[in-house]
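Read-outs throughout are calculated quantities, based only on the coordinates presented, and are distinct from any laboratory measurement. As the structure is a prediction and not an experimental result, all values here were calculated from the model. Using ideal geometry, Cβ is built from the backbone for each residue, glycine included, and neighbour counts are taken over all protein chains shown.
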Amino acid sequence: MTAERGEEIRNIIGIYHLSKRYNEKFALDDINLHVANGEFVFLVGPSGAGKSTLLKLIYMDDFPTEGQVIVGPFVSTQMKRSKVSLLRRKIGVVFQSFRLLYDRDVFENVAIAMRVTGESSYEIKKKVAQVLTQVGLYHKRNEMPSTLSGGEQQRIAIARAVVNSPAVLLADEPTGNLDPEVTEEILKLLFHINAGGTAVLMATHDLALVKQFGQRILFLRDGRLQEDKILGYKGDLSQRLERIQKDPGRFGPGWNPGTK
Amino acid sequence: MNWNQATYLMREAFRTMNRQRAVTIVSVAIMSLSLLILAVFLMITDNMMLLMDRSKDEMKLYVYLDDGLTNEQMNAAYNGIIRMEAVDELVFISKDEAFAEFRAQLGEESELLEALETNPLPASFRVSVKDVYKETATLETLASTIGRLDGVAEVNYGKEFIERFSSITHAVLYVDMVVGLIVILSSLFIIANTVHLAVVSRKETIEILKLVGATNRFITTPFFIEGAFQGGIAALISLAALSAIFGAGRNAVPGLVFFSPDKAVIFVLVCIAMGALGSLAALRRYLRIEIG
C-alpha cells in the first residue's frame, strides 16, 4: 500500500522480497508490494513478465524461492500444503480460459465452490441464485456452459470465484479471449464486485484497457516491479479510501500482512 | 467432512459413473477380466488344497500282526500303539474282517477266494496319525517304533507315496505362492492403471476442485467410492464367469469344487478393497505429482 494512503490501512496481501527462480532463471525478482482491503489493482506487463507467476504465488499454487507472501492470516513460509485449501476458500481465481466443468450445468459450476465448504443445499441454492443474478445469468442456470458465449462463460467463472464472498479476487487475463464489448462488460462486473468490498488483483497485458478504466497499477517487466502508481480513478477516491480504512476485512479482525 | 459433503460425494460418485458410462463399463470389464484370472487361480488353489487335505486323510499306517496271537498279546500291542503321542485313532481289523473286506474289493472275482482252504490274511491295526505328524520322517520313526513291538509282523505306510506326495505338496505350494503373488500384483496394477486413466480424464475437474478449495479427501472420496463399487461389480461378474467355466469344466475334472459361499463373500470383499485401494494409490500418486 502506498504511504500516502495512511499507515492504518489494512492490507489483504503483503509481499516481501519475493523471488521465484525456475532452473536458476528469475521469473520474479525481489518484489515488494501490498494490496489493501477492497482495493482494485491492475497488474500490467508484457507476456513473460511474471504476472501469472505472481498470482500463482498469491493463491499458493507454487511457493517463493525467496521472500514471502502473506494473504490474510496465511503466510507462505509457514504454509502446509494441506492448509492451502483453506486459503483457496478465501480467495477467488479467474482465468483467461474460464476453466469450467463442461459436464455440469451453470448452477453446478458455481455451486461446486460451496459444496467443498460443506454448505447446506438450502444455503447453496440461495447464494448461487443471488450470485448468478448479480452476473446476469440466473435465467441460464440450467444450461450447459458449452452452449454459452465466451463472455457468459467468463461470468460463470466470476460467479464461482465470488460465491463464497472471498476477501480477494485474482483475475489472470480474464478478458484475454473476449472482444472489446464483452471485455468492458466483464470489467464493469469486476468493478461491481470490488464495490462490494472484495479486493481485485487483475493481471493484463492490455495497457489501453487499464488507461481506459484507471486504477492503481503495478507495472511488471522481466520479473521486476518497475512501477506502482495510480493512473487515474473514475470515482470518489476519498470515499473509497475511507471505506478501505474502516473495513476489518473478510478474514476478520486480528490480522494484517503489514501496513507499510 | 460434514454430512452435506458426505452425501454430496456419494451422489457425485454415482452421478459420475452414470455420466461417464462408457468409461465405467470399460473399467469394470477390464477389472472383471483381471479378477477372473485371480478367481480361476484361487479356485484351482482351493481345489488343490482340498485334494491335499483328502490325501492327507488317507495317510495311515497298517500294522500287520503275527498269526496265532492271544488276546492278551493283541491287547498289549494295542496299548503299546495307542499310548504313542502321534497316534490319533486305532482300529483293529480281525482276520475275518480283513477277509470280508478283501472279498468286497474283488467284487465279481471274489469266487476265486473259494479255492482257499484257510484265511491267509493277518489281523491288523489301522493307525490314523494326528495331522501335525503326517510328515515322512515322523511316519518312518513311528513305523519303526511300532515294528519293534511284540507280535507285530510288519508295518506298511506307503513310504514312496508319502515321500512323493510330500515333495509335490511343497513344490505346488511354492509355485502357488509365486503365481498368486504375481496374479494379485498384476490385478492391483491393472486396477490402479484403469483408475489412473479415469483420473487423468478428469484432470481438469480435479484442478478446478483444488482451485476452489477442495481438500484432498474431498477430491479422493468419489474415486474411492467408485473404485470400491466397480471392484464389487467386477468381482460379481468374474464369479459369474467363473461359475460358467466351472459348469463346463466339472465334467472334464471330476471332483472339482466351486468356492464355498463364505469364500465367495470374502473374494467379493477383497475385490471391493482392491478397487478402493487401487483408486487411492492411483489418485495419491496423481495428486502428488500434478497438483501437490
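Brief remarks on what is shown
- The phi-based Karplus calculation (6.51 cos²θ - 1.76 cosθ + 1.60; θ = phi - 60°) puts the 3J(HN,Hα) values of region B:211-227 at 5, 8, x, 6, 7, 4, 5, 4, 6, 7, 4, x, 5, 4, 5, 4, x Hz, whole numbers, x for Gly and Pro.
- Cα principal axis extents for region A:92-165, largest first, Å: 30, 24, 23
- Once the convex hull of all Cα atoms in region A:62-109 is built, its volume per residue stands at 122 Å³.
- Equivalent-ellipsoid semi-axes for chain B (Cα gyration tensor, √(5λ), whole Å, largest first): 64, 20, 15.
- In straight-distance terms, cross-link reach from A:Lys125 covers every one of the aspartates and glutamates whose alpha-carbon lies under 12 Å from its own, apart from those fewer than eight places away in the same chain; here that gives A:Glu108.
- Built amide H within the under 5 Å cut-off of B:Leu90, gap 5+: B:Ser128
- Gap separating the Cα centres of region B:81-135 and region A:84-132, nearest whole Å: 84 Å
- Considering only chain A, percent of DSSP beta bridges that pair antiparallel, nearest 5: 50 percent
- Contour excess over end-to-end distance, with Cα ends at B:Met10 and B:Phe99 and 0.36 nm allotted per residue: 24.8 nm
- Summary of packing: across the peptides B:98-108, A:19-29, A:57-67, the per-residue average of other C-beta atoms within 10 Å ranks them, highest first, as A:57-67, A:19-29, B:98-108.
- Rg/Rh (Cα only; Kirkwood hydrodynamic radius) as it applies to chain A: 0.95
- Semi-axis lengths (Å, descending) of the ellipsoid that matches the C-alpha gyration tensor of the protein assembly as shown: 84, 24, 18
- Rounded FRET efficiency, nearest 0.05, which uses the C-beta distance separating B:Ser243 from B:Ser110 and R0 of 51 Å: 0.70
- Derived from the Cα gyration tensor, the three semi-axes of the equivalent ellipsoid of region B:60-156 are 27, 16, 10 Å, largest first.
- A simple rule links phi to the HN-Hα coupling: the Karplus curve 6.51 cos²θ - 1.76 cosθ + 1.60 with θ = phi - 60°, which for region B:193-203 gives 6, 4, 5, 4, 4, 5, 5, 4, 5, 10, 4 Hz, with x for Gly and Pro.
- Neighbouring partner chain Cβ atoms per residue of A:101-110, average, 10 Å criterion: 2
- Whole-Hz ³J(HN,Hα) from phi, Karplus 6.51 cos²θ - 1.76 cosθ + 1.60, for region B:108-118, glycine and proline x: 5, 8, 5, 4, 4, 5, 4, 6, 7, 8, 10
- The stretch between A:Asn177 and A:Leu231 holds 17.0 nm of extra length on full extension. This uses 0.36 nm per residue minus the Cα-Cα distance.
- As a calculated quantity, the FRET efficiency between A:Glu66 and B:Glu85 at R0 = 51 Å, using C-beta atoms, amounts to about 0.10.
- Fraction of alpha-carbon pairs over 23 Å apart in region A:1-105 - percent: 33 percent
- MRE, 222 nm, helices only [DSSP H, n ≥ 4, -39500 (n - 2.57), over the protein assembly as shown, to nearest 500]: -17500 deg cm²/dmol
- Of the cross-linked pairs A:Lys140/A:Lys188; A:Lys56/A:Lys80; A:Lys20/B:Lys210; A:Lys25/B:Lys203, those separated by over 24 Å at the C-alpha level are A:Lys25/B:Lys203.
- Computed E for B:Ser260/B:Ser166 - FRET, C-beta separation, R0 35 angstrom, nearest 0.05: 0.85
- Leading residue at positive end of dipole, region B:137-292 (Cβ point charges), from B:Gly180, B:Phe267, B:Leu280: B:Leu280
- Most mobile listed residue (B:Ser128, B:Ser110, B:Ser201) in chain B, GNM with C-alpha springs under 10 Å: B:Ser110
- Measuring nothing but alpha carbons in region B:157-279 and taking Rh as the Kirkwood radius, the Rg to Rh ratio lands at 1.18.
- Each of B:Val253, B:His196, B:Ser243 was placed along the dipole of region B:191-292 (beta-carbon charges, centred on the mean Cα), and the one lying farthest toward the positive end is B:His196.
- Cα centroid separation - region B:213-248 against region B:155-207, whole Å: 19 Å
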